[in-house]
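All remarks here apply to the structure that follows.
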Amino acid sequence: MGLDRAAAQAAFGEFLSDRSLNPSQIRFVEMVIDQLTARGVMDASALYESPFSNIHAEGPDALFDGREKVIEGIFEKLKAVNSELIANVG
């Protein structure tokens, strides 16, 4: 069961509203939201696979090159969302 779309958007809202991100980086964040909405828990390793690798073949580290704090924040937020989803299932 997926995460409520509004909850996913709220969780990643700080990245969506970051005007310093380019369109590909914003699309990446939107895809994270799409995946969480469709599937719920998502392993961080999925960010290096299709469809995410379609945005940048070298993965999120290369896509967010020079923006390490942003990609670290995305990974941290994903971990927190996953932990919350798992806790609510049990």
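Computed from the coordinates by the stated procedures, all read-outs in this text should not be read as laboratory data. Keep in mind it's a predicted model, so treat the numbers as computed, not measured. Positions of Cβ are backbone-derived with ideal geometry, glycine not excepted, and every protein chain shown enters the neighbour counts.
For SER24 and ALA62 in one chain, what is 0.36 nm times their gap in residues minus the Cα-Cα distance, to one decimal in nm? Can you show the working numbers first?
Working: separation 38, 0.36 × 38 = 13.68 nm, distance 1.17 nm.
Full extension of this stretch gives 12.5 nm more.
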- Assigned charges on the beta-carbon of Lys, Arg, Asp, Glu; the chain dipole about Cα centre (debye): 220 debye
- Query: Using a Gaussian network for the chain with springs between C-alpha atoms less than 10 Å apart, which of these wobbles most: PRO60, PRO23, PRO51?
  - Reply: PRO23
- Note on the structure: Given [x] -0.43, -1.10; [y] -0.35, -0.95; [z] -0.27, -0.83 as possible values of log10 I(q)/I(0) by the Debye sum over Cα atoms at q = 0.11, 0.19 Å⁻¹, the one from the coordinates is [z]
- Query: Each residue of the range 40-51 in order: what ³J(HN,Hα) in whole Hz does its phi give by Karplus 6.51 cos²θ - 1.76 cosθ + 1.60, θ = phi - 60°, with x for Gly and Pro?
  - Reply: x, 4, 9, 5, 4, 5, 5, 5, 9, 10, 5, x
- Note on the structure: With the charge dipole of the chain built from beta-carbon charges (+1 for Lys and Arg, -1 for Asp and Glu) about the Cα centre, the Cα from SER17, LEU78, SER50 projecting farthest to the positive end belongs to SER17
- Item | Crossing angle, helix 23-39 versus the chain [Cα axis fit, 0-90 degrees, rounded to tens] | 20 degrees
- Query: Which net charge results when you count Lys and Arg as +1 and Asp and Glu as -1 among the other residues whose beta-carbon is under 12 Å from that of ILE55?
  - Reply: -2
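How much length is gained on full extension from ASN88 to ALA38, taking 0.36 nm per residue of separation minus their Cα-Cα distance?
Values: separation 50, 0.36 × 50 = 18.00 nm, distance 1.69 nm.
Once the chain is fully extended between ASN88 and ALA38, it gains 16.3 nm.
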- Under Karplus coefficients 6.51, -1.76 and 1.60, residue-wise ³J(HN,Hα) of the range 52-62 in Hz, glycine/proline x: 5, 5, 5, 6, 8, 4, 8, x, x, 4, 6
- Note on the structure: With ALA44 itself left out, Lys, Arg at +1 and Asp, Glu at -1 over residues whose Cβ is under 14 Å from its Cβ give -2
- Item | Relative packing of 9-16, 31-38, which averages over residues the other C-beta atoms within 10 Å, highest first | 31-38, 9-16
